[in-house]
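Data block below; observations after.
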Amino acid sequence: RMLAELRDDLAGRAAFTAHHGRWRDQLSRYLTAMTREWDWHNARGRDGGAAPAFDEYLLNADNFGSSFVNVSHWIFTSEPAALNRLDGLWTAGQEVQKVLRLLNDLASRDREQEWDDLNALTLGVTPEEVRQRIADLVARCRELIRPLRDECPREARYLERQIGYSTGFYGSTDYWGEL
């Protein structure tokens with residue numbers, strides 16, 4: 001019902017007609033990624049199945065959900081100039097989402113280990129390797145965001161702020177805190 005209400009709110013915007021396909025695609029990516037991670041978790045717990053490789057896990061970052069939120073937000077709030085660059089924004093947002101996924105993993109590793117949840121650090125990579133991947137991804141994000149600044153400065157700053165805020169937030173705490 002919540003998704004139907006969100007879709008109905010977005011359908012009231014003129015931009016939704018042109019970008020409905022992107023929204024549906026990102027919703028499908030989000031739900032598929034959530035299902036895939038659930039399947040990985042269950043296979044490991046049920047029959048000792050293999051965990052995904054680190055790169056495979058990172059390619060499943062759509063389960064984090066920020067790209068779905070971004071696409072919905074941009075369709076609802078962005079001006080036509082920014083919406084004309086939605087593909088570029090989406091591409092940059094996909095990379096930002098990977099950064100957020102890994103920052104979360106660094107902050108939540110103890111809890112996720114206790115709960116037997118998947119985390120980049122349970123896949124045979126070290127915290128230093130995760131930090132290096134984050135640095136590489138941030139550099140890639142900057143490359144992707146730079147050409148967007150002129151036509152969609154607000155949206156470009158939003159992506160940059162997601163990285164900055166999450167680096168500060170996850171650098172000091174696990175989102176869940178003490179449970």
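Checking Glu160 against (1) modelled with pLDDT under 95; (2) farther than 27 Å from Leu6 by Cα, which single condition isn't satisfied?
It fails just one condition, (2).
In this structure, is Ala92 closer than 28 Å to Cys152 by Cα, small (Gly, Ala, Ser) and in a helix (DSSP H, G or I)?
Values: closer than 28 Å to Cys152 by Cα: yes; small (Gly, Ala, Ser): yes; in a helix (DSSP H, G or I): yes.
When the stated conditions are applied, Ala92 passes them.
Which condition number does Arg133 fail, the rest of (1) surrounded by 12 or more Cβ atoms within 10 Å (Cβ to Cβ); (2) of a type outside the set (S, T, N, Q); (3) over 25 Å from His73 (Cβ atoms); (4) at pLDDT below 95 being met?
With (1) surrounded by 12 or more Cβ atoms within 10 Å (Cβ to Cβ); (2) of a type outside the set (S, T, N, Q); (3) over 25 Å from His73 (Cβ atoms); (4) at pLDDT below 95 applied to Arg133, the lone miss is (4).
With respect to Ala51, determine if the residue is more than 18 Å from the chain's Cα centre (by Cα), under 22 Å from Arg161 (Cβ atoms), modelled with pLDDT under 95 and of a type in the set (A, V, I, L, M).
When the stated conditions are applied, Ala51 does not pass them.
For the range 60-92, which positions are open to solvent by 40 Å² or more (accessible area, probe 1.4 Å) and more than 15 Å from the chain's Cα centre (by Cα)?
Result: Phe76, Thr77, Glu79, Pro80, Ala81, Asn84, Arg85, Asp87.
Taking the conditions exactly as written (polar (S, T, N, Q), closer than 21 Å to Gly124 by Cβ and in a helix (DSSP H, G or I)), does Asn70 satisfy them or not?
No; evaluated as a whole, the condition is false for this residue.
Limited to the range 131-156, what total is found for residues that are under 12 Å from Leu89 (Cβ atoms), in a helix (DSSP H, G or I) and out of contact with any Ser or Thr (no Cβ under 9 Å at 6 or more places or on another chain)?
Going through the range 131-156 one residue at a time, the tally reaches 6.
What do you reckon, is Tyr165 modelled with pLDDT under 90, open to solvent by 10 Å² or more (accessible area, probe 1.4 Å), aromatic (Phe, Trp, Tyr) and assigned to a helix (DSSP H, G or I)? First the steps, then the outcome.
Working: modelled with pLDDT under 90: yes; open to solvent by 10 Å² or more (accessible area, probe 1.4 Å): yes; aromatic (Phe, Trp, Tyr): yes; assigned to a helix (DSSP H, G or I): yes.
Criteria met by Tyr165.
List pairs: first residue in the range 15-43 and more than 22 Å from Leu86 (Cα to Cα), second residue part of a helix (DSSP H, G or I) and not aliphatic (A, V, I, L, M) anywhere in the structure, Cβ distance under 7 angstrom, at least six positions apart or on different chains.
Met34/Asn63; Glu37/Asn63
The values are calculated or read from the model by the stated rules, or taken from the named source; none is laboratory data. Keep in mind it's a predicted model, so treat the numbers as computed, not measured. Cβ sites come from the backbone with ideal geometry, for glycine too, and all protein chains shown count toward neighbours. Note: accessible area is taken over every heavy atom of the protein model, side chains too, but ligands, DNA and RNA are not part of it. Shrake-Rupley method; radii C 1.70, N 1.55, O 1.52, S 1.80 Å.
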